[in-house]
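J.: Pasting in a structure now, in structure tokens, and then I'll have a few things to ask.
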Amino acid sequence: MNRDGFTGLPYSGAYGYCESHAGNGGRALAATDWQAIDAQSDGDIASNVAHDPDAPPMLTGGETAAAIVRTVRKRLGLSQVAPAARFHVPFGTPCHWEQNRSQPDAPARAHLRVIARDPDMVARALVVA
């Protein structure tokens, strides 16, 4: 798990690397000035990202949801419509999210994060007895 609490999304950039990276990652992370990083404003962060050629573009909420849906669907080998039945969301909704035609609300985003973490547990929990 990296510093912001998400797994599988290692922090990297000008300030250091997550301990999940091989090599000197742990030392770079330990040498990071977290107080300086935490003191940055949103504008400072956006400027740092914009000027870092190695930084991926910042995603909007909809783009983030689309990436989560697409990643989970592909990891599970599901078609675009299969997640709707498996995870009890209206048919077509995951497709709209994945294609960024609509954005999930806060409870749906939480549902997506739980699905991303343990999709089989969510599927089992949603089975009607």
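J.: Under 11 Å from the Cβ of residue 61, count the other residues' Cβ atoms, weight Lys and Arg +1, Asp and Glu -1, and hand me the total.
T.: Result for the neighbourhood of residue 61: -1.
J.: Give the separation of the Cα centroids, the stretch 97-129 to the stretch 68-91, in Å.
T.: 9
J.: What FRET efficiency do you get for residue 128 and residue 27 if R0 is 41 Å and r is their Cβ-Cβ distance, rounded to the nearest 0.05?
T.: Rounded to the nearest 0.05, the efficiency is 0.20.
J.: May I ask you to evaluate 6.51 cos²θ - 1.76 cosθ + 1.60, the Karplus curve with θ = phi - 60°, for each residue of the stretch 31-45 and list the ³J(HN,Hα) values in order in whole Hz, giving x for glycine and proline?
T.: Each residue's phi maps through the Karplus curve to give 7, 6, 8, 5, 5, 5, 5, 5, 7, 5, 7, 4, x, 4, 5 Hz.
J.: I want to check the label-to-label distance for residue 108 and residue 120. Put each point 7 Å from Cα in the C-beta direction and report it in nm to one decimal.
T.: Spacing of the two 7 Å Cα→Cβ label points: 2.8 nm.
J.: If I stretch the segment between residue 54 and residue 80 completely, what's the gain in nm (0.36 nm per residue apart, minus their alpha carbon distance), one decimal?
T.: This chain segment gains 6.3 nm when fully extended.
J.: I would also like to ask the following. Give me the one-decimal nm value for the distance between modelled label points at residue 99 and residue 45, 7 Å along each residue's Cα-to-Cβ direction.
T.: For residue 99 paired with residue 45, the spin-label model returns 3.1 nm.
J.: Something else now. Counting other Cβ atoms within 10 Å of each Cβ, which chymotrypsin sites (Phe, Trp or Tyr not before Pro) in the stretch 57-97 have at most 11 and sit in a DSSP loop?
T.: 91
None of the figures in this text is laboratory data; all of them are computed from the coordinates on show. All values derive from a computational prediction rather than experimental measurement. Cβ: placed from backbone, ideal geometry, glycine included. Neighbour counts: every protein chain shown.
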